[in-house]
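**Student:** Following this message is one structure expressed as C-alpha cells.
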Ligand SMILES: [Zn+2]
C-alpha cells in the first residue's frame, strides 16, 4: 500500500465533477488498490474521510470512518465504542432525511490547518456500492452524516468553504484549539 499525495485547494482536480465508477470496474485491481491506498492515506494524515479527487483521481468514491463518537446529543459521557473499520462508498447518492440543519466545525486534508463552521443536514441516507460491488444504503445523523456530505461534495468539486454561511468562523488550527475547541 502507498501513501498518496493529497491535492490542496487550488488544484483543479478539486473543482472537477468526478465520473461515476462502472459496477464492473469496482472489483478490478485499479479501484481496489485505490481504495486500499486511500484508507492508508486517510489513516496516515488522521483524516475521518478522504475522497478520490483529493488524491488526484476524479472518480466518485470516498472512504470514511463513520463510527466516530456522535456527541450530537451533547452528553459527552465517554462511551466511545470500539472502532469499526472505515468504509468505502462508491457512486454515493445522498437523500436528506427531515429538515434539521446543524452548523458545526469542519476541516479538510486539502485545506490544511484551517477550520470553519458549516451548516449540514442533521440526518441523511446514502446509497451507493461498497468495495465488493454490492448495493448499500446507510443512514447517518450528526457527525457521520456531516462526513458523508463533506466527502460527497468533493465528488462535485465543492469544498466546505463553499458551504459556509459566512467566513466569520474561518480559523487557523492553532487559534481553533486555543479559542474554539470544546473541553
Ligand atoms: Zn475534504
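The values are calculated or read from the model by the stated rules, or taken from the named source; none is laboratory data. On a predicted model such as this, the values are computed, not experimentally measured, just so you know. No Cβ is skipped: glycine too gets one built from the backbone with ideal geometry, and neighbour counts run over all protein chains shown.
**Student:** Would you check if residue 6 is within 15 Å of the chain's Cα centre (by Cα), in a strand (DSSP E or B) and crowded, with 19+ Cβ neighbours inside 10 Å?
**Tutor:** Against the criterion (within 15 Å of the chain's Cα centre (by Cα), in a strand (DSSP E or B) and crowded, with 19+ Cβ neighbours inside 10 Å), residue 6 does not qualify.
**Student:** Residue under question is residue 157, and the condition is that it be under 16 Å from residue 21 (Cα atoms), in contact (Cβ under 8 Å) with a residue 12 or more places away in the chain, out of contact with any strand residue (DSSP E or B) (no Cβ under 6 Å at 6 or more places or on another chain) and part of a loop (DSSP other than H, G, I, E, B); does it hold?
**Tutor:** No.
**Student:** Being within 23 Å of residue 38 (Cβ to Cβ), surrounded by fewer than 20 Cβ atoms within 10 Å (Cβ to Cβ), within 16 Å of the ligand (Cβ to nearest atom) and at pLDDT 95 or above narrows it down to one residue among 118, 161, 147; which is it?
**Tutor:** Criteria check complete, one pass: 161.
**Student:** Separate question: Within segment 97-107, is even one residue crowded, with 18+ Cβ neighbours inside 10 Å, in contact (Cβ under 8 Å) with a residue 12 or more places away in the chain and either assigned to a strand (DSSP E or B) or more than 16 Å from the ligand (Cβ to nearest atom) (or both)?
**Tutor:** Checked segment 97-107: at least one residue is crowded, with 18+ Cβ neighbours inside 10 Å, in contact (Cβ under 8 Å) with a residue 12 or more places away in the chain and either assigned to a strand (DSSP E or B) or more than 16 Å from the ligand (Cβ to nearest atom) (or both).
**Student:** Out of everything in segment 134-144 that is more than 16 Å from the ligand (Cβ to nearest atom) and touching a strand residue (DSSP E or B) at 6+ places or on another chain (Cβ under 8 Å), what residue ends up being farthest from residue 47 (Cα to Cα)?
**Tutor:** So, considering only residues that are more than 16 Å from the ligand (Cβ to nearest atom) and touching a strand residue (DSSP E or B) at 6+ places or on another chain (Cβ under 8 Å), the one farthest from residue 47 (Cα to Cα) is 135.
**Student:** Going through segment 98-116 one residue at a time, which ones are out of contact with any strand residue (DSSP E or B) (no Cβ under 7 Å at 6 or more places or on another chain) and closer than 15 Å to residue 149 by Cβ?
**Tutor:** Answer for segment 98-116, where residues must be out of contact with any strand residue (DSSP E or B) (no Cβ under 7 Å at 6 or more places or on another chain) and closer than 15 Å to residue 149 by Cβ: 99, 108.
**Student:** Regarding residue 75, is this residue modelled with pLDDT under 95, under 17 Å from the mean Cα position of the chain (by Cα), part of a loop (DSSP other than H, G, I, E, B) and surrounded by fewer than 18 Cβ atoms within 10 Å (Cβ to Cβ)?
**Tutor:** no
**Student:** Right, next: For the condition within 30 Å of residue 27 (Cα to Cα) and in a helix (DSSP H, G or I), what is the one hit in 175, 93, 137, 151?
**Tutor:** Selected residue: 151, the only one of 175, 93, 137, 151 that is within 30 Å of residue 27 (Cα to Cα) and in a helix (DSSP H, G or I).
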